[in-house]
Amino acid sequence: MPDRNIAGISAVLKRTYPGADCSLDHKNPFQLLAATILSAQCTDERVNLVTPALFKKYPGPAEMAKAPLPDLEKLVHSTGFYKNKALSLKEASKAIIGNFGGKVPKTMEELLTLRGVARKTANVVLGSAFGIAAGVVVDTHVKRLAFRLGLTKETDPAKIEQDLMKALPKSDWIWFAHALVLHGRAVCAARKPDCPHCPLNKLCPKNGV
């Protein structure tokens, strides 16, 4: 893969976003899991507006497993795809209670058994709730910036993740994705990237590096 710039890119991102972390508000692994499920095709800002009321009424998997679906749907309606998300929250909660003793599991394999959880969500939970680097989160920002910066030629998230895992030291897997997300929001926007003020400008392939 075209990874010759990744060390330089990482160095610049570490200077620019040294404390990059998950932007979804949460107090425990279950809240992060629920918030990440809701974040699909939705902004983190919107999710953070919705979750306080959701977690006040249903603070843990035991409560959410028993929640009436119409009530969950109402609470998460503004995040989009609310029927599917509400069902995922309820079914994932039931599985956590029934299969994992009421605790969010700490392995990729176990997390992937939960409704509404794919690799991106599992990586977010493992990385930000447990500090476990099982992979690299590939959301829309990471997918877009990894391709734009020449870190991958792939468009499939699973293949992009594999390219980034091969190119990055494992100690950077969790942080790097959060840094790219912050950079995508602050500077390298999809429609109008602020290239003149981008700290990665000299390393970006568009400049012929």
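A short reminder: the numbers here are calculations on the coordinates, not readings from a lab. On a predicted model such as this, the values are computed, not experimentally measured, just so you know. Note that we place each Cβ from the backbone using ideal geometry, even for glycine, and neighbour counts take in every protein chain shown.
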Among the residues of the stretch 86-124, which ones are within 17 Å of the chain's Cα centre (by Cα), outside any helix (DSSP H, G or I) and polar (S, T, N, Q)?
Thr107
So in the stretch 98-114, with the set limited to residues that are surrounded by fewer than 18 Cβ atoms within 10 Å (Cβ to Cβ) and β-branched (Val, Ile, Thr), which one is farthest from Pro61 (Cα to Cα)?
Thr107
Residue list for the stretch 169-181, restricted to those being outside any helix (DSSP H, G or I) and buried (at least 19 other Cβ atoms within 10 Å of the Cβ)
none
Going residue by residue through the stretch 64-87, is there one that turns out to be free of Cβ contacts under 8 Å to residues at least 24 places away in the same chain, closer than 30 Å to Pro199 by Cβ and not small (Gly, Ala, Ser)?
no
Can you name every residue in the stretch 172-209 that is in contact (Cβ under 8 Å) with a residue 60 or more places away in the chain and among the β-branched types (Val, Ile, Thr)?
Val181, Val209
Here is a list: Gly135, Gly127, Gly184. Which entry is farther than 19 Å from Asn5 by Cβ, small (Gly, Ala, Ser) and either touching a Ser or Thr at 6+ places or on another chain (Cβ under 9 Å) or not in a loop (DSSP other than H, G, I, E, B) (or both)?
Gly127
Picking from Gly98, Gly131, Gly135, the residue that is within 28 Å of Leu54 (Cβ to Cβ), of a type outside the set (Val, Ile, Thr) and touching a residue at least 40 places away in the same chain (Cβ under 8 Å) would be Gly131
On the given criteria, is Val117 surrounded by 21 or more Cβ atoms within 10 Å (Cβ to Cβ), more than 21 Å from Gly184 (Cβ to Cβ), in contact (Cβ under 8 Å) with a residue 12 or more places away in the chain and of a type outside the set (Ser, Thr, Tyr)?
yes
